[in-house]
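Throughout, read-outs are computed from the coordinates displayed, never taken from laboratory work. Here the structure is a predicted model, which means the values were calculated and not measured. Counting neighbours? That spans all protein chains shown, and the Cβs are built from the backbone with ideal geometry, glycine included.
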Amino acid sequence: MTTEQQQGTRMRAAVAYRFGGPEAVRVEQRPMPTPRADELLVRVHASTVSIADHRMRSRDLPEGLGFLVPISLGVFRPRKPVLGMDVAGVVVAVGDEVTGFAPGDEVIAMLGSTFGGHAEYARIPQSKAIARKPAGLDMQQSVALVFGGHTALAFLDRAEVGPGDEVLVNGASGAVGTAAVQLAKQRGARVTAVCGTRNVELVRSLGADRVIDYTSDDFTQNGETYDAILDCVGNAPFDRVADSIKPGGALLLVVTSLRGMLRASRDSRRSGKLVTASGAPVSHERFAELSRLADSGALRPVIDRTYDLDDVVEAHRHVDTGHKTGSVVLHIA
Ligand SMILES: NC(=O)c1ccc[n+]([C@@H]2O[C@H](COP(=O)([O-])OP(=O)(O)OC[C@H]3O[C@@H](n4cnc5c(N)ncnc54)[C@H](OP(=O)(O)O)[C@@H]3O)[C@@H](O)[C@H]2O)c1
């Protein structure tokens, strides 16, 4: 820590005090957070600029979900000025009620809607998904597992994907998709991945058994059926893909419209297939699976680009294209 930080006063953080384009974000000095009794204080080495940061900053939500803006994002300005849903870093302090982690531990964590990862220090409630960092990966590689890995774990667990299952991952080249392909393979599933032409080889290298290029083929029109379809794009509502799901199978809507959310339980009841827009809870133990798999070589991070904190606006600009591959990492320490 610098002398100033030791005094517990200031840290550098990327902040957005208004909704808008990438230029709404700037780096400035902020007060250092002080952990509460049930919180860890982590010196952040790396975070990612994720699609969630894009959504929070720009208010770009899936169709019909605009009414959530004042509730979840803020009325006149972002409710959480410091974005960043994930971190990799070193624990520097823990509150009295924290167990299982101590200063000096190298950790990864998913802050989720708490945000706050785009800063030199982050306060993390112990209730969040936190685990030891993979020993064999550096901080930037480690953080690239978190956002997509946490989400993919939650949804694959929800459908209890296991050995022999046929799984289709729509949007296999994004942060969630690249993790989902690998995690489904690791469970013994047979994986069909849907991505664009330039990512076909990458996705195959992650273990996909079959790759469908969405620019030339429509996976709903080839007569194939799956035990689970994981939609990470938002263009696979139940009406469109019902015939591609085996009896008793699942449609996992990682992203969907308000209509898709509202109809999920009705579609489930009527079809006998699981249709859901929510994942299973991810405990510390489940989350630690990401580190174990990374250390065994079964899960590898996919990093599109890495930016220094000072270049955070450029990082947002790249994420805004909607065409990143895997994660866009922010180097902070
Ligand atoms: N429910 C939850 O808890 C939760 C959690 C995390 C994320 N999400 C949502 O899940 C979605 C995916 O997140 P992410 O982080 O993976 O996003 P991402 O990394 O930004 O995804 C970008 C990828 O999507 C691919 N893509 C775009 N259009 C496609 C299409 N028609 N077919 C197949 N692939 C396509 C792009 O490939 P090309 O460049 O080739 O087009 C790109 O590689 C987001 O909408 C996010 O909001 C939900």
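Take every DSSP beta bridge with both residues inside the chain and express the antiparallel ones as a percent of the total, to the nearest 5.
That works out to approximately 55 percent antiparallel.
In this structure, the pairs whose alpha-carbon distance is over 26 Å, taken from Lys246/Lys324; Lys80/Lys128; Lys185/Lys324; Lys128/Lys246; Lys273/Lys324; Lys133/Lys185, are Lys246/Lys324; Lys128/Lys246; Lys273/Lys324. One Cα centroid belongs to region 13-33, the other to region 120-180; the line between them spans 26 Å. Per-residue ellipticity at 222 nm computed for the chain from its helices equals -7500 deg cm²/dmol, with DSSP H segments shorter than 4 residues left out and the rest contributing -39,500 (n - 2.57). Karplus-derived 3J(HN,Hα) values for region 222-232, using 6.51 cos²θ - 1.76 cosθ + 1.60 with θ = phi - 60°, are 10, x, 6, 10, 9, 6, 8, 10, 9, 9, 9 Hz; glycine and proline are entered as x.
Taking the Cα centre of the chain as origin and charging only Cβ (+1 Lys, Arg; -1 Asp, Glu), how large is the dipole, in debye to the nearest 20?
Numbers: 38 positive and 39 negative charges, 147 e Å.
Computed about the Cα centre, the dipole is about 700 debye.
Amide hydrogen proximity for Arg190: with H placed 1.01 Å from N in the peptide plane, the residues at 5 or more positions away or on another chain lying under 5 Å are Gly164, Asp165, Glu166, Val167. Across all Cα pairs in region 148-276, the calculated P(r) in 5 Å bins from zero up to the longest distance comes to 2, 12, 24, 26, 21, 11, 3, 0 percent per bin. One decimal place: the segment His323-Glu201 gains 42.3 nm when fully extended, by the rule 0.36 nm per residue minus the C-alpha distance. What the phi angles of region 30-46 give under the Karplus curve with 6.51, -1.76 and 1.60, with θ = phi - 60°, is a coupling list of 10, x, 5, x, 10, x, 7, 4, 9, 10, 9, 9, 10, 7, 7, 9, 8 Hz, glycine and proline written as x.
Backbone geometry of region 189-200 corresponds, through the Karplus equation with coefficients 6.51, -1.76 and 1.60 at θ = phi - 60°, to 3J(HN,Hα) couplings of 7, 9, 10, 9, 10, 10, 8, x, 3, 5, 9, 4 Hz, x marking Gly and Pro.
Ranking Ile245, Met139, Gly164 by how far each Cα lies toward the positive end of the dipole of the chain (charges on Cβ) leaves Ile245 at the top. Dipole orientation for the chain: of the candidates Leu330, Met261, Ser173, Met261 has the Cα lying most toward the positive pole (charges on Cβ; Lys, Arg +1; Asp, Glu -1).
Across all directions, the average flat footprint of the convex hull enclosing the Cα atoms of the chain is 16.2 nm². Considering only Ala109, Pro81, His150, the residue lying farthest towards the positive end of the dipole of region 47-183 is Pro81, judged by Cα position with unit charges set on Cβ. Amide H to amide H distances under 5 Å link Lys133 with Glu106, Val107, Ile108, where only residues 5 or more positions off or on other chains count and H is placed in the peptide plane.
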